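Taken together, the values in this text are just the output of simple stated rules run on the coordinates, not laboratory data. Because the structure is a prediction, the values reported are computed rather than measured. All Cβ positions, even for glycine, are placed from backbone atoms using ideal geometry, and neighbour counts span all protein chains on display.
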Amino acid sequence: MPAPKSKTAAPAAVADDNEMPNAFLHEPFLDGLKDVYDAEKQLVKALPKMIKAATSEALKKGISDHLVETEGHVTRLEEVFESLGETPKAKTCEAMKGLTAEGEEATKQKNPKSRDAAIIAAAQKVEHYEIATYGTLRAWAEAMGHEEAADLLEETLEEEKAADEKLTEVSEEEIGSADDDEDLEDEE
């Protein structure tokens, strides 16, 4: 007759978790990766609409450049999954659904300058969401000792920060300031 199993024995998953530092982060980390993987895929579909609606050439170029980067983010996330021995899988990102819906609303502004300003605002909201997400995921990857994943996530994080900075520059250069409107009034 086999010996009765001890009620204090840890399940296999917990035993494996003990080998990884901060193993309690593993599940939320994977959920976050699946979420941002979907978010990036949503953006690949949404950015072309923003490019088409923008009137500023600098804004069109900035979003077009970031679309290429975003396609690279999808590929890089697949590398992150692979570095963890996981199959890339998306989980619907409800936050990005809302942010892309705001972006679509921005494209409907009648006045071209208003439309460009609204597109910039919507795009920066997306960038700030991504910066927060990638920053958290990178920190968790580091905490669990997933150095390759952390490095890949850091690379994307830096690209998201640069995209946000570019949008700010476009806003300042193309949209202008209150002083620009005063100059126009003086000329009339």
Inset, instruction - Taking the residues in region 64-93 that are of a type in the set (D, E, K, R) and more than 13 Å from the chain's Cα centre (by Cα) as candidates, determine which candidate is nearest to residue 54 (Cα to Cα). - result: 65
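Just to be sure I understand, how many residues within region 153-162 are surrounded by fewer than 22 Cβ atoms within 10 Å (Cβ to Cβ) and touching a residue at least 40 places away in the same chain (Cβ under 8 Å)? Steps first, answer last, please.
First, pick out the residues of region 153-162 that are surrounded by fewer than 22 Cβ atoms within 10 Å (Cβ to Cβ): 154-155, 157-159, 161-162.
Subset that is touching a residue at least 40 places away in the same chain (Cβ under 8 Å): 155, 159.
Summing the residues that are surrounded by fewer than 22 Cβ atoms within 10 Å (Cβ to Cβ) and touching a residue at least 40 places away in the same chain (Cβ under 8 Å) in region 153-162 gives 2.
Could we say that residue 58 is crowded, with 18+ Cβ neighbours inside 10 Å and within 19 Å of residue 164 (Cβ to Cβ) here? Walk me through it before giving the result.
Values: crowded, with 18+ Cβ neighbours inside 10 Å: no; within 19 Å of residue 164 (Cβ to Cβ): yes.
For residue 58, the condition - crowded, with 18+ Cβ neighbours inside 10 Å and within 19 Å of residue 164 (Cβ to Cβ) - is not met.
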Inset, instruction - Scan region 55-69 for residues that are in contact with an Asp or Glu (Cβ under 6 Å, 6 or more places away or on another chain) and either of a type in the set (Ser, Thr, Tyr) or assigned to a loop (DSSP other than H, G, I, E, B) (or both) and jot them down. - result: 55, 56
Inset, instruction - Output the number of residues of region 17-49 satisfying the condition of being more than 12 Å from residue 70 (Cα to Cα) and either part of a helix (DSSP H, G or I) or among the aromatic types (Phe, Trp, Tyr) (or both). - result: 15
Legend entry - Which numbered condition residue 87 fails, given (1) under 20 Å from residue 173 (Cα atoms); (2) in a loop (DSSP other than H, G, I, E, B); (3) polar (S, T, N, Q): (1)
